[in-house]
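Notes for the one structure printed next.
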Amino acid sequence: MSKNWWKVLTVVLLVYTVVMGLLGQAPRLAILNETIRNLYFHVPMWFGMTIILFASVVYSVRYLRKPSDRLDVLAHQTAQTGVIMAVLGLATGSIWARFTWGTWWTADPRLNGAAVAVLIYGAYLVLRSSITDEQQRARISAVYNIFAFCAAIPLLFILPRLTDSLHPGAGGNPGFSKYDLDNNMRLVFYPAVIGWTLLGVWITNVSARLTFVKHKLYEKQLA
């Protein structure tokens, strides 16, 4: 039980986030109205995605310094989890856009940058599946993973701030900014960030362990 405390914490934080996010007090902001509650889901997923993808890059760098199957698997599984969280982030963002901008998608720098970043990481997953040699796949994937992260960060966090954008935080939509995050929202938002990030770690942990088991079974079959 002592080893699984963080899993219990994950469940508690996410239950708290969902309940308080949907039923708790939320400020009545112009344009956003009740859709502000999506802040507890959309934004934390992007925070979690960034942390998970950074961990994937760390594993890739460590692999290039000292190759091992374990580091390759961890780099792959964390990147895969990051892509899942990115897709969920895009989906929740699209729903939010529908109610605030009147359209599911618009040619906005931040939205387009996020979509391109997801495609870059999607190419990483395709690249891995297209190479049969294990060592070659691991080396090439590690290099590409580092490139993908270095390309995604400017697309997600730098480019939108240098261009006009409807997205909050980029000088466009005045409906919400960091100054509108009141104390009631902070009590839900920060636990949500931790909860969604821990969920990403949990998913990665499970998928990595399953992969390790598959590798061991495969090695036994060859023996």
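The values are calculated or read from the model by the stated rules, or taken from the named source; none is laboratory data. On a predicted model such as this, the values are computed, not experimentally measured, just so you know. Note: ideal-geometry Cβ built from the backbone for every residue, glycine included; neighbour counts use all protein chains shown.
Is there a residue being free of Cβ contacts under 8 Å to residues at least 24 places away in the same chain, within 20 Å of Met49 (Cα to Cα) and part of a helix (DSSP H, G or I) anywhere in region 107-120? Yes, the conditions are met somewhere in region 107-120.
Only one entry of Ala97, Ala86, Ala115, Ala26 meets the criterion of being in contact with an Asp or Glu (Cβ under 8 Å, 6 or more places away or on another chain), of a type in the set (A, V, I, L, M) and either within 25 Å of Pro154 (Cβ to Cβ) or crowded, with 20+ Cβ neighbours inside 10 Å (or both), and that entry is Ala26. Annotation note: of Val201, Val206, Val188, the sole residue that is of a type in the set (Val, Ile, Thr), at pLDDT 75 or above, within 20 Å of Glu34 (Cα to Cα) and under 24 Å from the mean Cα position of the chain (by Cα) is Val188.
Against the condition aromatic (Phe, Trp, Tyr), more than 17 Å from Leu199 (Cβ to Cβ) and in a helix (DSSP H, G or I), how does Tyr16 come out, does it pass? So Tyr16 fails the test. The condition (being β-branched (Val, Ile, Thr) and farther than 24 Å from Ile131 by Cα) is satisfied by just one residue among Ile51, Ile84: Ile51.
Okay, residues lined up against (1) more than 20 Å from the chain's Cα centre (by Cα); (2) closer than 18 Å to Ala86 by Cβ:
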position	(1), (2)
Ile120	no, yes
Ile131	yes, no
Ala142	no, no
Ile158	no, yes
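When Ala123 is tested against (1) surrounded by 14 or more Cβ atoms within 10 Å (Cβ to Cβ); (2) part of a helix (DSSP H, G or I), exactly one condition is not met: (1). Regarding region 50-70, can at least one residue be identified that is buried (at least 18 other Cβ atoms within 10 Å of the Cβ), assigned to a helix (DSSP H, G or I) and of a type in the set (D, E, K, R)? So far as region 50-70 goes, no, none of its residues is buried (at least 18 other Cβ atoms within 10 Å of the Cβ), assigned to a helix (DSSP H, G or I) and of a type in the set (D, E, K, R).
Residues that are within 21 Å of Arg209 (Cα to Cα) and of a type in the set (Asp, Glu): does region 97-114 have at least one?
We begin by selecting, within region 97-114, every residue within 21 Å of Arg209 (Cα to Cα); these are none.
Looking through region 97-114, none of the residues is within 21 Å of Arg209 (Cα to Cα) and of a type in the set (Asp, Glu).
Contact map, region 128-149: residues that are of a type in the set (S, T, N, Q) paired with residues that are not in a helix (DSSP H, G or I), Cβ distance under 9 Å, separation 6+ or inter-chain. Pairs shown: Gln135/Pro67; Ser141/Ile131.
Quick one: which of Ser60, Ser68, Ser56 is at pLDDT 95 or above, under 15 Å from Arg139 (Cβ atoms) and of a type in the set (S, T, N, Q)?
Details: Ser68 fails: at pLDDT 95 or above; Ser56 fails: under 15 Å from Arg139 (Cβ atoms).
Exactly one of Ser60, Ser68, Ser56 is at pLDDT 95 or above, under 15 Å from Arg139 (Cβ atoms) and of a type in the set (S, T, N, Q), namely Ser60.
Of the numbered criteria (1) in a helix (DSSP H, G or I); (2) surrounded by fewer than 17 Cβ atoms within 10 Å (Cβ to Cβ); (3) among the small types (Gly, Ala, Ser), the one Gly102 fails is (1).
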